[in-house]
Amino acid sequence: MHRKHLPHVEQSGGIYFVTFRLADSLPHKQLKEWSADRVAWMAFHPEPWSEDEAREYRREFTARIEHWLDAGSGECVLRNEACRSALEMALKHPHGTDYDLGDWVIMPNHVHFLIQPLGASSLSKILKGIKGVSARRINECLGRTGRVWMDESFDHIVRSLEQLEKLQRYVERNPMKAKLRMGEFSYERRWMVEK
């Protein structure tokens, strides 16, 4: 993952909401259209965003991704318990050294998590590492090779305590919204004291 894929400027001490999607979890045509629209929107809304602009961004783009990222679209290998465990291990492994891992949920075809890089750690490098380690382990579980994650990661910086609390609620409720049963997802609440 490269800096050019991030829709924001990385900020020291920033908290980010990140989504990884499995490689075929969105139709390419829809993703290409969404990406072009987002690039056009951002050309007229340079950082730093106001609260109103941040809300507009969420309405314009997060709503689209939430619509497409339902529990049954595309590849759903994260229904497999071993694959979910492999991803969970990759998320948690450098926790406390390179970053502070917040609330997360692993859905059948994507994962949402809150993360705060520590010290001089780069968000881009952290995300690349999580993707690389988890992809290798997931392929091992499935006895295959090849691409696991999409190149682009949907992520944005958390700009207020109110937004953080909303995102924590969203992470928690994502499985219920998708009408998943126990055993089809994994969830953990990690930031009990709001930051």
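Just one of the numbered conditions (1) surrounded by 14 or more Cβ atoms within 10 Å (Cβ to Cβ); (2) modelled with pLDDT of 90 or more; (3) under 27 Å from residue 11 (Cβ atoms) is not true of residue 150; which one?
Failed condition: (2).
State the number of residues belonging to region 150-192 that are more than 16 Å from residue 105 (Cα to Cα) and in contact (Cβ under 8 Å) with a residue 40 or more places away in the chain.
9
Which condition breaks for residue 168 when tested against (1) open to solvent by less than 10 Å² (accessible area, probe 1.4 Å); (2) under 12 Å from the mean Cα position of the chain (by Cα)?
With (1) open to solvent by less than 10 Å² (accessible area, probe 1.4 Å); (2) under 12 Å from the mean Cα position of the chain (by Cα) applied to residue 168, the lone miss is (2).
All but one of (1) surrounded by 11 or more Cβ atoms within 10 Å (Cβ to Cβ); (2) within 19 Å of the chain's Cα centre (by Cα) hold for residue 142; state the number of the condition that does not hold.
(2)
Scanning for something modelled with pLDDT under 90 and of a type in the set (Lys, Arg), does region 62-72 turn up at least one residue?
Taking every residue of region 62-72 in turn, at least one turns out to be modelled with pLDDT under 90 and of a type in the set (Lys, Arg).
When residue 4 is evaluated against the numbered criteria (1) modelled with pLDDT of 70 or more; (2) assigned to a helix (DSSP H, G or I), which criterion, by number, is the only one it fails?
Only one criterion is unmet by residue 4, namely (1).
Starting from region 120-149, take each residue that is touching a residue at least 24 places away in the same chain (Cβ under 8 Å) and closer than 18 Å to residue 101 by Cβ and list its partners that are buried (at least 17 other Cβ atoms within 10 Å of the Cβ) and basic (Lys, Arg), counting only C-beta distances under 8 angstrom and pairs at least six apart or across chains.
Correct list of pairs: 149/21; 149/131.
Test each condition in (1) touching a Phe, Trp or Tyr at 6+ places or on another chain (Cβ under 9 Å); (2) open to solvent by 50 Å² or more (accessible area, probe 1.4 Å) for residue 105 and report the one that comes out false.
Going through the list (1) touching a Phe, Trp or Tyr at 6+ places or on another chain (Cβ under 9 Å); (2) open to solvent by 50 Å² or more (accessible area, probe 1.4 Å), residue 105 breaks only (2).
Mind telling me which of the residues 87, 114, 26 ends up being modelled with pLDDT under 90 and open to solvent by less than 30 Å² (accessible area, probe 1.4 Å)?
Step by step, each of 87, 114, 26 is checked, and only 26 is modelled with pLDDT under 90 and open to solvent by less than 30 Å² (accessible area, probe 1.4 Å).
Would you tally the residues in region 128-161 being among the hydroxyl-bearing types (Ser, Thr, Tyr) and in contact with a Leu (Cβ under 8 Å, 6 or more places away or on another chain)?
2
Looking only at region 30-57, how many residues end up being in a helix (DSSP H, G or I) and either open to solvent by 90 Å² or more (accessible area, probe 1.4 Å) or free of Cβ contacts under 8 Å to residues at least 24 places away in the same chain (or both)?
Here the count works out to 11.
The values are calculated or read from the model by the stated rules, or taken from the named source; none is laboratory data. It should be emphasised that the depicted structure is a prediction, and the values quoted were computed from it without experimental measurement. With ideal geometry, Cβ positions are generated from the backbone for all residues, glycine too; neighbour counts draw on all protein chains shown. Accessible surface is based on the protein model in full, side chains and every heavy atom, while ligands, DNA and RNA are left aside. Shrake-Rupley method; radii C 1.70, N 1.55, O 1.52, S 1.80 Å.
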